[in-house]
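Working notes, structure below.
The values are calculated or read from the model by the stated rules, or taken from the named source; none is laboratory data. Treat the numbers as computed from the prediction; the structure is a model and nothing was measured. Cβ coordinates were reconstructed from backbone atoms using ideal geometry, including for glycine residues, and neighbour counts include every protein chain displayed. The accessibility values were calculated without ligands, DNA or RNA, using every heavy atom of the protein model including side chains. Shrake-Rupley method; radii C 1.70, N 1.55, O 1.52, S 1.80 Å.
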Amino acid sequence: MATQIRTAPESTDPLDPNPLDVSRAELWSEDRWQEPMRQLRAKAPIYRCEDSKFGPYWSVTTYKPIQHIEALPKIFSSSWEYGGITVAGDGIEHLKEGEMPMPMFIAMDPPQHTAQRRTVAPAFGPSEIERMRADTQARTAALIDTLPIGETFDWVERLSIELTTDMLAILFDFPWEERHRLTGWSDALGDIESFDTLEKRQMRLAKAFEMGAAFKQLWDAKAQNPGEHDLISIMLQSDAMKHMSENEFMGNLILLIVGGNDTTRNSMSAYAYGLHKFPEERAKLETNHDPELAVNAMHEILRWQTPLAHMRRTATEDIELFGHEIKARDKIALWYASANRDESVFPDGDRIIVDRENARRHLAFGYGIHRCVGARVAELQLTTLISEMQRRRLRVNVLAEPERVHASFVHGYRHMPVQLEKY
Ligand code: HEM
């Protein structure tokens, strides 16, 4: 691979002294991340940001170097001990008051990662997906049929959150009438901006304990009376997971809940927002109900949205990376949101093109040994939404700019006023 350019672009805006610090939450909540990422891709695809609220970190913004790094997990670690998988973490040596390490297998390296992933992976395999298909379709259809036509409502609240929460409750066999608690826990625990102050850290921890207590009850119930398909029964029956410490138990719950919730939710919101922004692409889906086009559109929406903007790795040794001297313990942010707009792979990547030839090459699920274990479940949910909307000949019109998540990790929407129309 060609050596990357070493020099960093200079800031020309005195009001914005660090325009290439793409970890700043406001770039994401104000939807202004695209231009700095474009500059980084063009001029410094591997770039060291010396000063940020998360300390110094490297940004990797193009497609191939991200794949390269993810293929070397021994050198580029995911471990929670070094700070885990977001740019926020500083590792167990630097824990702040009110922070508690929560090991989870996304933030582990082999061999621990391998064993725990292997335990839960079958719950997301092709035969399980087939088992979930009819129920997903029925639930999606029933929910869409409750939505008003020609009246304003919040798509995030009424559709995206509802569908993803229901799926999560099913995966865990969580008490159905209490399932909305999952949403609150997921929002609080996936928020990397909540590490700022002691008060926020304590609130976050309280949520983690509340969730841990609810799941401990479920765990005990499943130990007495195991189910066949739910994730807790699967974990309980596995050697790799049945002896997890309490922290590890909570960590893995957070992983499965945040992993499966905010991400899928935001891809469903992106379906509404993205197709509203590109009406000529929406028209293709309205006139052509070929299921293969719906599947391709699903991949393209995932590429365009990239519900997790980055994952982070930590260097375990000093190493040269395409001409850059990376030091042991340096933080490296892999910006999937940018790689999914890499001009050399996805021409005109800022646009949604529902029949884009290589849409499925997106990196929204990551790459390598940590590639999203729940990808098939997410794909099933999003494709089902597209098809059920087509079947009812329903179009979503977005009435105002959505309110976005204020963070550089979960990339999504808090509220989105819409109206449905029949076409
Ligand atoms: C559109 C929806 C989703 C997106 C964009 C997404 C994104 C990702 C990404 C980027 C990773 C890679 C992490 C890394 O390389 O460090 C990942 C891993 C993971 N995801 Fe997802 N995810 C989605 C849905 C789900 C669902 C539905 C679940 C489960 C219910 C899930 C559970 C997980 C888990 C457990 C991992 C860790 C895998 C490992 O470390 O081996 N995700 N996801």
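Answer yes or no as to whether Gly366 is modelled with pLDDT of 95 or more, touching an Asp or Glu at 6+ places or on another chain (Cβ under 8 Å) and near the ligand (Cβ under 8 Å from one of its atoms). Against the criterion (modelled with pLDDT of 95 or more, touching an Asp or Glu at 6+ places or on another chain (Cβ under 8 Å) and near the ligand (Cβ under 8 Å from one of its atoms)), Gly366 qualifies. Taking the condition at pLDDT 85 or above, within 21 Å of the chain's Cα centre (by Cα) and either under 30 Å from Trp155 (Cβ atoms) or in a helix (DSSP H, G or I) (or both), does Asn252 pass? Spelling it out, it is not the case that Asn252 is at pLDDT 85 or above, within 21 Å of the chain's Cα centre (by Cα) and either under 30 Å from Trp155 (Cβ atoms) or in a helix (DSSP H, G or I) (or both). Considering (1) in contact with a Leu (Cβ under 7 Å, 6 or more places away or on another chain); (2) closer than 13 Å to Ala309 by Cβ, the lone condition that Asp355 does not fulfil carries the number (2).
Yes/no matrix, rows are residues, columns are (1) more than 11 Å from the ligand (Cβ to nearest atom); (2) of a type in the set (Asp, Glu); (3) in contact (Cβ under 8 Å) with a residue 40 or more places away in the chain:
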| site | (1), (2), (3) |
| --- | --- |
| Asn252 | no, no, yes |
| Gly274 | yes, no, yes |
| Asp290 | yes, yes, no |
| Glu300 | yes, yes, yes |
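Restricting the stretch 18-43 to residues that are among the basic types (Lys, Arg) and in a helix (DSSP H, G or I), which is least open to solvent (accessible area, probe 1.4 Å)? Give the derivation first.
First, pick out the residues of the stretch 18-43 that are among the basic types (Lys, Arg): 24, 32, 38, 41, 43.
With the extra rule that they be in a helix (DSSP H, G or I), the set shrinks to 38, 41, 43.
Values: Arg38: 79, Arg41: 23, Lys43: 98 Å².
Among residues in the stretch 18-43 that are among the basic types (Lys, Arg) and in a helix (DSSP H, G or I), the one least open to solvent (accessible area, probe 1.4 Å) is Arg41.
Residues that are in contact (Cβ under 8 Å) with a residue 24 or more places away in the chain, surrounded by fewer than 18 Cβ atoms within 10 Å (Cβ to Cβ) and assigned to a helix (DSSP H, G or I) within the stretch 220-242 are absent altogether.
With respect to the conditions (1) touching a helix residue (DSSP H, G or I) at 6+ places or on another chain (Cβ under 8 Å); (2) surrounded by 24 or more Cβ atoms within 10 Å (Cβ to Cβ); (3) not hydroxyl-bearing (Ser, Thr, Tyr), Arg312 lacks only one, and its number is (1). Scanning the stretch 182-192 for any residue that is surrounded by 19 or more Cβ atoms within 10 Å (Cβ to Cβ), out of contact with any His (no Cβ under 7 Å at 6 or more places or on another chain) and either farther than 25 Å from Val405 by Cα or among the acidic types (Asp, Glu) (or both) turns up at least one such residue.
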